[in-house]
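K.L.:
What follows is a structure written as structure tokens; I'll ask about it next.
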Amino acid sequence: MAPCFPRGAGVRTVRTVSELRAALGEPQRGGRSIGLVPTMGALHEGHLSLVRQSASDCEVTVMSLFVNPAQFAAGEDLDAYPRDEARDARLADGAGASLLFAPAPETVYPPGFDTKVEVGGLTDVLCGDPARRGREHFRGVTTVVTKLLNMVQPEVAYFGQKDAQQALVIRKLITDLDIPVRIEVCPTVREPDGLALSSRNAYLRPDERVSAAAINRALAAAERTVAAGERDSAPVLAAAREPLAAAGVEPEYLELRSATDLSPVERVNGSTLLAVAARVGSARLIDNTILGDPTP
Ligand code: AMP
């Protein structure tokens, strides 16, 4: 059978669920492996690393481009979020995507849409903090991811470790709802000075961009402290706080938690997530590292 999305043929953009289903009908009937990379666009190397991984694992790679209103709180950066579909299409094409699914908000949430998908527990902490109405954020993520998985029906879906809590929430979602998909979580891609790539880095002024690098220095300081034999959470967190304080970056949270269920930990043992969120200028940035033995 001739490949339905021959490599080098260029990425195709579809906007409706019926166009998407029509484009994927033949590969699905032919039993071809389909990978899905959900994104909000404003693509950078982090997103493209997911596309490359999917293109190397799967015969067809679908990238979704959708700035999901449901995961933004009122007053957040929904309107300001960077959008450049033509650039995204070029980059996705170069990384090996076969199909771009770029729906309008009304396609994903048509009039009368009234269903929400919510994962409990994992979404009450870190970015889910009730004080920031974070549970609503994750409800927006899990609702749209459920829809995208149903629309595309991929064999594999790719997410970044940069959003470690999101990746755990999505694993729980597919386990709890028996969604037949494999989740692959890919490593965080960073700038040369360690800053994790993020579409929101575009908001940083030059001086803020310099300060933002302290976030990765904080993670590195904690890693060094653990490598030197320290296991108690207080000195590990103290070491991480130093570079942030020196750069004048006040973390929204800086916490050690189990990398498997996000329960709080007093000592670094097994696989421990050090997660940080900080506002630098108008950008809210998050990052994390796994400390200790990565195999629990
Ligand atoms: P977003 O467009 O921010 O919703 O991100 C789409 C996907 O790209 C999510 O699975 C993110 O975790 C992932 N991602 C974002 N930044 C990075 C990065 N620096 N390295 C690896 N993956 C990333």
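The values are calculated or read from the model by the stated rules, or taken from the named source; none is laboratory data. Fair warning: this is a prediction, and the values are worked out from it, not measured in the lab. Cβ sites come from the backbone with ideal geometry, for glycine too, and all protein chains shown count toward neighbours.
K.L.:
Considering only region 265-282, state which residues are within 18 Å of the chain's Cα centre (by Cα) and among the small types (Gly, Ala, Ser).
P.N.:
Within region 265-282, ALA275, ALA277, ALA278 meet the criteria.
K.L.:
Okay, moving on. For region 230-242, check the following and say yes or no: at least one residue is within 16 Å of the ligand (Cβ to nearest atom) and part of a helix (DSSP H, G or I).
P.N.:
The answer is no; no qualifying residue exists.
K.L.:
If you don't mind, there's one more thing I want to ask. Of a type in the set (A, V, I, L, M, F, W, C), at pLDDT 95 or above, part of a strand (DSSP E or B) and over 15 Å from VAL125 (Cα atoms): which single residue out of LEU285, LEU256 fits that description? Break it down into steps so the answer makes sense when it comes.
P.N.:
Working: LEU256 fails: over 15 Å from VAL125 (Cα atoms).
Answer to the selection: LEU285.
K.L.:
Follow-up. Quick check on this structure: which one of VAL185, VAL117, VAL141 is of a type outside the set (Asp, Glu) and over 25 Å from GLN53 (Cβ atoms)?
P.N.:
Result: VAL117 is the single residue among VAL185, VAL117, VAL141 that is of a type outside the set (Asp, Glu) and over 25 Å from GLN53 (Cβ atoms).
K.L.:
Sort out which residues of region 109-128 are surrounded by fewer than 21 Cβ atoms within 10 Å (Cβ to Cβ) and among the β-branched types (Val, Ile, Thr), and write them in order of number.
P.N.:
Those that are surrounded by fewer than 21 Cβ atoms within 10 Å (Cβ to Cβ) and among the β-branched types (Val, Ile, Thr): THR115, VAL117, VAL125.
K.L.:
Just name the residue that is surrounded by the fewest Cβ atoms within 10 Å (Cβ to Cβ) out of those in region 79-88 that are out of contact with any helix residue (DSSP H, G or I) (no Cβ under 6 Å at 6 or more places or on another chain) and not acidic (Asp, Glu).
P.N.:
ALA86
K.L.:
From the list LEU20, LEU36, exactly one residue is more than 16 Å from the ligand (Cβ to nearest atom) and surrounded by 19 or more Cβ atoms within 10 Å (Cβ to Cβ). Which is it?
P.N.:
Step by step, each of LEU20, LEU36 is checked, and only LEU20 is more than 16 Å from the ligand (Cβ to nearest atom) and surrounded by 19 or more Cβ atoms within 10 Å (Cβ to Cβ).
K.L.:
Only residues in region 37-48 that are closer than 20 Å to LYS147 by Cα count as the first member; pair them with residues that are among the aliphatic types (A, V, I, L, M) and near the ligand (Cβ under 7 Å from one of its atoms), Cβ under 6 angstrom, at least 6 apart or cross-chain, and list the lot.
P.N.:
From region 37-48, the pairs are VAL37/LEU50.
K.L.:
Only one of these is part of a loop (DSSP other than H, G, I, E, B), of a type outside the set (S, T, N, Q) and free of Cβ contacts under 8 Å to residues at least 12 places away in the same chain: GLU76, GLU19. Name it.
P.N.:
GLU76
K.L.:
Here's something else I'd like to know. Being hydrophobic (A, V, I, L, M, F, W, C) and more than 10 Å from the ligand (Cβ to nearest atom) is the filter here; which residues of region 145-164 pass it?
P.N.:
If the condition is that a residue be hydrophobic (A, V, I, L, M, F, W, C) and more than 10 Å from the ligand (Cβ to nearest atom), then LEU148, LEU149, MET151, VAL152, VAL156 are the ones that fit.
K.L.:
From ALA131, ALA167, which residue is within 12 Å of the ligand (Cβ to nearest atom), surrounded by fewer than 22 Cβ atoms within 10 Å (Cβ to Cβ), on the phi < 0 side of the Ramachandran plot and assigned to a helix (DSSP H, G or I)?
P.N.:
Sole residue among the options that is within 12 Å of the ligand (Cβ to nearest atom), surrounded by fewer than 22 Cβ atoms within 10 Å (Cβ to Cβ), on the phi < 0 side of the Ramachandran plot and assigned to a helix (DSSP H, G or I): ALA167.
K.L.:
Another question about this same structure. Working only within region 85-118, note down all residues that are part of a helix (DSSP H, G or I) and more than 26 Å from LEU177 (Cβ to Cβ). Step through it out loud before you land on a result.
P.N.:
Here is the first cut: in region 85-118, the residues part of a helix (DSSP H, G or I) are 85-95, 105-108.
Across region 85-118, the qualifying residues are GLU85, ALA86, ARG87, ASP88, ALA89, ARG90, LEU91, ALA92, ASP93, GLY94, ALA95.
K.L.:
Taking the condition aliphatic (A, V, I, L, M), near the ligand (Cβ under 9 Å from one of its atoms) and not in a helix (DSSP H, G or I), does VAL185 pass?
P.N.:
yes
Residue-by-condition table, conditions (1) part of a loop (DSSP other than H, G, I, E, B); (2) touching a Cys at 6+ places or on another chain (Cβ under 8 Å); (3) acidic (Asp, Glu); (4) more than 8 Å from the ligand (Cβ to nearest atom):
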site	(1), (2), (3), (4)
GLN28	no, no, no, yes
GLY31	yes, no, no, yes
LEU50	no, yes, no, no
SER56	no, no, no, yes
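K.L.:
Pick from ALA212, ALA220: which is more than 17 Å from the chain's Cα centre (by Cα), assigned to a helix (DSSP H, G or I), more than 30 Å from THR142 (Cα to Cα) and not hydroxyl-bearing (Ser, Thr, Tyr)?
P.N.:
Going through ALA212, ALA220 in turn, just one is more than 17 Å from the chain's Cα centre (by Cα), assigned to a helix (DSSP H, G or I), more than 30 Å from THR142 (Cα to Cα) and not hydroxyl-bearing (Ser, Thr, Tyr): ALA220.
K.L.:
Consider only pairs whose beta carbons are under 8 Å apart and that are at least six residues apart or on different chains; among these, list those whose first residue lies in region 144-167 and is closer than 12 Å to GLY35 by Cα and at pLDDT 95 or above and whose second residue is away from the ligand (no atom under 13 Å from the Cβ) and assigned to a helix (DSSP H, G or I).
P.N.:
LEU149/ILE174; VAL152/LEU20; VAL152/LEU24; GLN153/LEU24; GLN153/GLN28; VAL156/ASP57; ALA157/LEU149
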